[in-house]
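*Asks:* Starting off with a structure, shown below.
Just so you know, all these numbers are worked out from the coordinates, no wet-lab data involved. For clarity, every value in this text was computed on a predicted model and none was experimentally measured. For neighbour counting, all protein chains shown are included, and Cβ atoms are generated from backbone atoms with ideal geometry for every residue, glycine included.
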Amino acid sequence: MKFLNHLTLGQYIPAESPVHRLDPRCKILSVVLLLAGIFLMKHPVAFVSWGVFLIILSSFSRIPIRVVIQGARPVIILVLFTAGIHLFLTRGVILWEWGPLSITKEGVVMASRMGLRLFFLVLYAGFLTLTTSPMELSDGLERLFRPFQRIGFPAHEMAMMMTIALRFIPTLFDETDRILRAQLARGADLEHGGLFRRMKAFIPVLVPLFVIVFQRAEDLAQAMEARCYRGGTGRSRMNPLRWKIADTLAMSGILAIVAIFVLIDMGA
Amino acid sequence: MCALRDVSFTYPGAATPALEDVDLSIRSGEWVALIGANGSGKSTLAKIFNALLIPTRGDCFACGFRTDREENLWAIRSQIAMVFQNPDNQIVASVVEEDVAFGPENLGLPPVTIHERVLKCLGQVGLEDKRRTPTYALSGGQKQRLAIAGALAMEPRCLVLDEATAMLDPQGREDVLEILRNLHKKGMTLVHITHRLDEILDATRVVVLGKGRISWEGDLSGLFAAQDHFEEWGLEMPPLVRFSRLLQERNLLPKDCLPTLKELLEVLCP
Amino acid sequence: MSIRVDSLCHVYHPGTPLETKALSGVDLTVEAGTWVAVVGQTGSGKSTLAQHLNALLVPTSGSVVVDGVPTTAETSALRSVRRKVGLVFQYPEHQLFAESVSEEMAFGPRNWKFTEEEIHETTRKTMSLLGLPEELLSRSPFHLSGGQKRRLCIASVLASRPDYLVLDEPTAGMDAPGRKELLGLLKGLVEEKIGVVHITHDLELALALADQVIVLEKGKTVFCGSPDSLMDELLERPIRGLCLPPILELVSGLRDYGYPVPYTLDAEMLALRLEREIRS
């Protein structure tokens, strides 16, 4: 089922670009900084500057802006919903009324502010997953959280779980589809009936899926043990992460940009 | 390479043992075919070799190490590698080369060595051009070849294949068998577990398992001479083998001719 | 009473960069009470064809008509098609879900609104047809042996009393005795006037059981006829997309060398004929 490419989490697009080559830890930390900055923005000028920066980033990572925006599609409903809540539930100077619903001037401001914040948040976070492969992401997170292993945080296990989960998403998709078709062939009706009826109708799809997953866990554990897996101790990596000067420069640059944008925003 | 003495194994909670009083030695350089009907204990026996299962009675020595000692597991499993039946349930990574690297990474090898091994093993199984392919996009046969590459990356002395061809189509099966033939030629010890008799024609020794016990042991020609027992052992004589035996009975074929397509054509159509 | 497939074409993901033509103009007729084998390699379109037969997929062009009802009909007629044509996927054990064998057997019939007595009756009859003892009814389907699970899955599809049964590689992963037993049981279905469509890549198996064989290659029919006429055809020319079992490859080699031996799967017959040729 190759069309799953469109649905693979984060839609990693392999390419040769300065952003792709950055250490994943740098990218993860940068995105955290950017997100913090985005959530502080209030003034329209700030929004414009964040938008311009997005375009600059997209050219630096050789990913067309169109593709970046497409990444927000799955979340568009959430963004609109949040905007809608702020639009209709904020009190203030009423601009328009219809029965119990009213839109205020403050509502419009809040809705656009929150909507745009969410929108930019998704787009900037999308940059992380577009330019970083799942394995790199998992490695990056593991290295970042490694200092916390001393206080009992299972950094390696978390990274391994992420890697394996991502590896099996397409496989599970296929298997769900296959089970679904098998039960449909036996006359299962998954389209009609009330919510409760439909949920019950999914049991013949979910139970076999669980069985497969548990069996797989057992088999996979044996296979990993057979290849001498014993957790994170003593493990090396084929492509170890190496923090380079470019990463330091990139991080300083991001820090500077976020600081500047926040200042512009405060000044306006 | 591997020696089992009076080995019995019962799964926890099971009423009957899966293996009973098994005495078996695997010598270096052999290609041992372990055959038998479903439920005869073949997979259980496979997992005893590399200490995934510990005998409930008796001893197993793998590469000189006792399998029931935890401190030996590492050494045993880096010398005896295993390929399992379900292609999907042994692949850990999302990208081909990352999965082959999994074993060497567990061994803590330096990155340069890992890269070398990955390239070499992918070459041995014919997947070099699929190095950066996502693993879910591979066919069943390719996945099994990937699993073999992952096992070879441990640089083992022995490869155990637990019904590794059972879920493959004929092309996939043939691809895997071709790889095994090449490995065996270069000195790899192979333990090949299967219920298909058309896959054992390159074996140097055959062990038949039935209801957890060894029913018979010997070489290929001995096995096919014992065809009267096949039904009892749950085995089926492949047509080519039956054909060659019939010709041998009528003295139209030399007794040492292997019942493979290639050899038969070589002898009958020189 | 038949399934008629006419110029069936199926395209997956039309209009996207992943567009693939899985079937290009396949013709097939399955009469009640006959065994049709659909043979082909991976990618030949056999699984796609199987899903068309019970209306899980609808034709991109061409038609599939089951007992007079085309599979492009609206929902109610479509469901009647699905009831008439049972479909057993490869490795059907992956569809088991119920708490007991009787629940698993009842799933299909209940979906088709059988009464409780009818369900009881069909469960009993189908389980005996597939050699499953009644004491298994209260057991969990997950606690059965491999062979029993396989037969249970087929029985659970048969319990809905379909007129046709499509089986995709029913003996995949089975050892010789299990395979022999299952195929023997399935052959009995033909006597119950059920039309069997056997999808497989194993030509040997197909030839041994089928009344009619159709060979698919890359979505096209490259042969359609009786097993005997298939063997006759092989005498004239090789058939594309057909992976010959080793014994037929041997026959091919012997014939090329000059021995006029027939295409047969029978080792005894081949040995006899070859002996005659060599001695003469």
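*Asks:* Would you check if A:THR248 is among the β-branched types (Val, Ile, Thr) and part of a loop (DSSP other than H, G, I, E, B)? Walk me through it before giving the result.
*Replies:* Numbers: among the β-branched types (Val, Ile, Thr): yes; part of a loop (DSSP other than H, G, I, E, B): no.
No.
*Asks:* Here's a follow-up. Across the stretch A:19-42, what is the total count of residues that are closer than 19 Å to A:ASP265 by Cβ and either over 15 Å from the mean Cα position of the chain (by Cα) or not in a helix (DSSP H, G or I) (or both)?
*Replies:* 8
*Asks:* Let me ask something additional. Pairs, please: C-beta under 8 Å, at least 6 apart or cross-chain, first residue in contact (Cβ under 8 Å) with a residue 24 or more places away in the chain and in the stretch A:244-258, second of a type in the set (Ser, Thr, Tyr)?
*Replies:* Note: pairs meeting the criteria are A:ALA250/A:SER30; A:MET251/A:SER30; A:ILE254/A:SER30.
*Asks:* Within the stretch A:43-70, can you find the residues that are crowded, with 19+ Cβ neighbours inside 10 Å and under 14 Å from the mean Cα position of the chain (by Cα)?
*Replies:* A:VAL68
*Asks:* Select from the stretch B:228-270 the residues that are within 13 Å of chain C (Cβ to nearest Cβ), exposed (fewer than 14 other Cβ atoms within 10 Å of the Cβ) and in a helix (DSSP H, G or I) and list them in ascending order.
*Replies:* B:GLU231, B:GLU232, B:GLU249, B:LYS262, B:GLU266
*Asks:* Now for a different question. If you take just the helices (runs of 4 or more DSSP H) that sit entirely in the stretch C:115-230, which of them hold at least 3 residues that are of a type in the set (Gly, Ala, Ser)? Can you show your working first?
*Replies:* Numbers: elements: C:116-129, C:146-158, C:176-191, C:203-209.
Hits in the stretch C:115-230: C:146-158, C:176-191.
*Asks:* Right, B:ASP198: under 16 Å from B:LEU122 (Cα atoms), in contact (Cβ under 8 Å) with a residue 12 or more places away in the chain and within 14 Å of another protein chain (Cβ to nearest Cβ) or not?
*Replies:* no
*Asks:* Within the stretch A:140-199, work out how many residues are exposed (fewer than 14 other Cβ atoms within 10 Å of the Cβ) and of a type in the set (Val, Ile, Thr).
*Replies:* Count: 1.
*Asks:* Within the stretch B:55-93, take every residue that is hydroxyl-bearing (Ser, Thr, Tyr) and within 14 Å of another protein chain (Cβ to nearest Cβ) and give me the one that is farthest from the chain's Cα centre (by Cα).
*Replies:* Here is the first cut: in the stretch B:55-93, the residues hydroxyl-bearing (Ser, Thr, Tyr) are B:56, B:67, B:78.
Okay, now just the ones that are also within 14 Å of another protein chain (Cβ to nearest Cβ), so B:67, B:78.
Details: B:THR67: 19, B:SER78: 16 Å.
Among residues in the stretch B:55-93 that are hydroxyl-bearing (Ser, Thr, Tyr) and within 14 Å of another protein chain (Cβ to nearest Cβ), the one farthest from the chain's Cα centre (by Cα) is B:THR67.
*Asks:* Of all residues in the stretch C:1-43, how many are surrounded by 23 or more Cβ atoms within 10 Å (Cβ to Cβ) and in a loop (DSSP other than H, G, I, E, B)?
*Replies:* 1
*Asks:* While we're looking at this one, here's another question. Does C:LEU56 qualify as being free of Cβ contacts under 8 Å to residues at least 12 places away in the same chain, part of a loop (DSSP other than H, G, I, E, B), hydrophobic (A, V, I, L, M, F, W, C) and over 23 Å from C:ASP211 (Cβ atoms)? It would help to see each step written out before you state the result.
*Replies:* Values: free of Cβ contacts under 8 Å to residues at least 12 places away in the same chain: no; part of a loop (DSSP other than H, G, I, E, B): yes; hydrophobic (A, V, I, L, M, F, W, C): yes; over 23 Å from C:ASP211 (Cβ atoms): yes.
Against the criterion (free of Cβ contacts under 8 Å to residues at least 12 places away in the same chain, part of a loop (DSSP other than H, G, I, E, B), hydrophobic (A, V, I, L, M, F, W, C) and over 23 Å from C:ASP211 (Cβ atoms)), C:LEU56 does not qualify.
*Asks:* Here's a follow-up. So if I check each of B:GLY41, B:GLY58, B:GLY29, which one is more than 26 Å from A:LEU220 (Cα to Cα), buried (at least 17 other Cβ atoms within 10 Å of the Cβ) and among the small types (Gly, Ala, Ser)? Walk me through it before giving the result.
*Replies:* On the way: B:GLY41 fails: more than 26 Å from A:LEU220 (Cα to Cα); B:GLY29 fails: buried (at least 17 other Cβ atoms within 10 Å of the Cβ).
On inspection, the qualifying residue turns out to be B:GLY58.
*Asks:* Still on this model: Please enumerate the residues belonging to the stretch C:61-95 that are in a loop (DSSP other than H, G, I, E, B) and crowded, with 21+ Cβ neighbours inside 10 Å.
*Replies:* Of the stretch C:61-95, the ones in a loop (DSSP other than H, G, I, E, B) are C:67-68, C:71-74, C:89-91.
Those that are in a loop (DSSP other than H, G, I, E, B) and crowded, with 21+ Cβ neighbours inside 10 Å: C:THR71, C:PHE89.
*Asks:* Might you let me know whether the stretch B:96-119 holds any residue that is in a loop (DSSP other than H, G, I, E, B), in contact with a helix residue (DSSP H, G or I) (Cβ under 7 Å, 6 or more places away or on another chain), within 11 Å of another protein chain (Cβ to nearest Cβ) and touching a residue at least 24 places away in the same chain (Cβ under 8 Å)?
*Replies:* First, pick out the residues of the stretch B:96-119 that are in a loop (DSSP other than H, G, I, E, B): B:107-110.
Filter once more, so that each one left must be in contact with a helix residue (DSSP H, G or I) (Cβ under 7 Å, 6 or more places away or on another chain): B:107.
Filter again for within 11 Å of another protein chain (Cβ to nearest Cβ), leaving B:107.
Narrowing further to those that are touching a residue at least 24 places away in the same chain (Cβ under 8 Å): B:107.
Yes, the conditions are met somewhere in the stretch B:96-119.
*Asks:* Taking only pairs six or more apart or across chains, which ones have beta-carbon atoms under 9 Å, a first residue in the stretch A:180-197 that is facing chain C (nearest Cβ under 7 Å) and closer than 15 Å to C:PRO162 by Cβ, and a second residue that is among the hydroxyl-bearing types (Ser, Thr, Tyr) and not in a loop (DSSP other than H, G, I, E, B)?
*Replies:* Taking only residues 6 or more apart or on different chains, the pairs are A:ARG186/C:SER156.
*Asks:* Of (1) part of a loop (DSSP other than H, G, I, E, B); (2) at the interface with another protein chain (Cβ under 9 Å from one of its Cβ atoms), B:PRO156 satisfies all except one. Which?
*Replies:* For B:PRO156, the failing item is (2).
*Asks:* Against the condition charged (D, E, K, R), buried (at least 18 other Cβ atoms within 10 Å of the Cβ) and either within 26 Å of the chain's Cα centre (by Cα) or within 14 Å of another protein chain (Cβ to nearest Cβ) (or both), how does A:ARG227 come out, does it pass? Quick ask: steps written out before the conclusion?
*Replies:* Details: charged (D, E, K, R): yes; buried (at least 18 other Cβ atoms within 10 Å of the Cβ): yes; either within 26 Å of the chain's Cα centre (by Cα) or within 14 Å of another protein chain (Cβ to nearest Cβ) (or both): yes.
Here the answer is yes, as A:ARG227 does meet what is asked.
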